1. Rounded to the nearest 0.05, what FRET efficiency do Phe190 and Ser14 have when you use their Cβ-Cβ distance and R0 = 35 Å?
2. Considering only protein heavy atoms and a 1.4 Å probe, what is the carbon-and-sulfur percentage of the accessible area of the stretch 104-193?
3. Between Val225 and Ala41, with labels modelled 7 Å along Cα→Cβ, what's the label distance in nm to one decimal, could you check?
4. Given the rule -39500 (n - 2.57) for each run of at least 4 DSSP H residues, summed and divided by the residues of the chain, what is its mean residue ellipticity at 222 nm, to the nearest 500 deg cm²/dmol?
5. Report the gain in length on full extension from Ala98 to Ala72: 0.36 nm times residue separation, minus Cα-Cα distance, nm rounded to one decimal.
6. If you bin the C-alpha pair distances of the stretch 138-244 every 10 Å from 0, what whole percents do you get?
7. Can you work out D for the stretch 127-177 in µm² s⁻¹ from Stokes-Einstein, where Rh is the Kirkwood radius over C-alpha pairs, the temperature is 25 °C and the viscosity is 0.890 mPa s?
8. Over the chain, one equal point on each Cα, no solvent: what is log10 I(q)/I(0) by the Debye formula at q = 0.09 Å⁻¹?
Amino acid sequence: MKHTASAVAWSGLSAPAHRLACWGLGLFPVLLWLAWQVFAAGLPVTSLVYLAGLAFVVLRMAQHYPHRAVGACNIVTTVRFMLVAVLCAGIGASVPLAPEVSWAVFGIAAVALSLDGVDGWLARRQALVSAFGARFDMEVDALLAAVLALLLFMDGRAGPELLVLGGARYVFVLASYVWPWLDTPLPASFRRKLVCVIQIAALAALALPVLPYAAGRVIALTASVLLVWSFAVDIRWLARRRCT
């Protein structure tokens, strides 16, 4: 009975969602190999995060994606999500970041950051721009920042400003349940994109084992101030729109 229900659910997916699920499952062995190399003890956590996240993304694509082709854009975003899931293994392992592990964290974060923007460019080039793709990309960015910040905070790389860098967006989302006007769609903003890149680049830099603690604090504090300022600008715009 369970097998029948699973088969119906699988066959009920749209063609793009079906293909994305296949691509995502194909990346699973890569995820396990990378996580084993860096944080072997965190394999259960990274597997759970990736498979649960992939299932959610595939279902959302089946419901909200308007195109017939899955597109290289969504595959690239899935690769980015896979890299973030590898970093989640570090939280599950809960061990100090040795120098070689720190370099691995930096490398994984740098690759994930370098691919940010590639998915958007591909979506525009292939005429596959969608609200689903933009949201998928944004959620991967937010999760990357949160996981990096938590890893670095657990390792004592900087202070409470890491919690701002990793959790600001999630606080904003929670606040929107209390004040629904915060959930109003925001206009596209180069400032917002730039601050996001600075935020993640700063977190990646903090993983470098050669970075002095004092320099790391300066980088983290500067990035957190920029992030709070960017959110303040958006909240002010939303508040003004609410009053008009």
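The values are calculated or read from the model by the stated rules, or taken from the named source; none is laboratory data. It should be emphasised that the depicted structure is a prediction, and the values quoted were computed from it without experimental measurement. Counting neighbours? That spans all protein chains shown, and the Cβs are built from the backbone with ideal geometry, glycine included. Remember, those area values only see protein heavy atoms, side chains included, never the ligands or the DNA or RNA. Shrake-Rupley method; radii C 1.70, N 1.55, O 1.52, S 1.80 Å.
1. Efficiency computed from Cβ-Cβ geometry: 0.60.
2. Of all accessible area on the stretch 104-193, carbon and sulfur atoms account for 71 percent.
3. The modelled label-to-label distance comes out at 3.7 nm.
4. That comes out to -27000 deg cm²/dmol.
5. Extending this stretch completely gives an extra 5.8 nm.
6. Whole-percent P(r) values from 0 Å outward: 15, 46, 28, 11, 2, 0.
7. The estimated diffusion coefficient comes to 203 µm²/s.
8. -0.42
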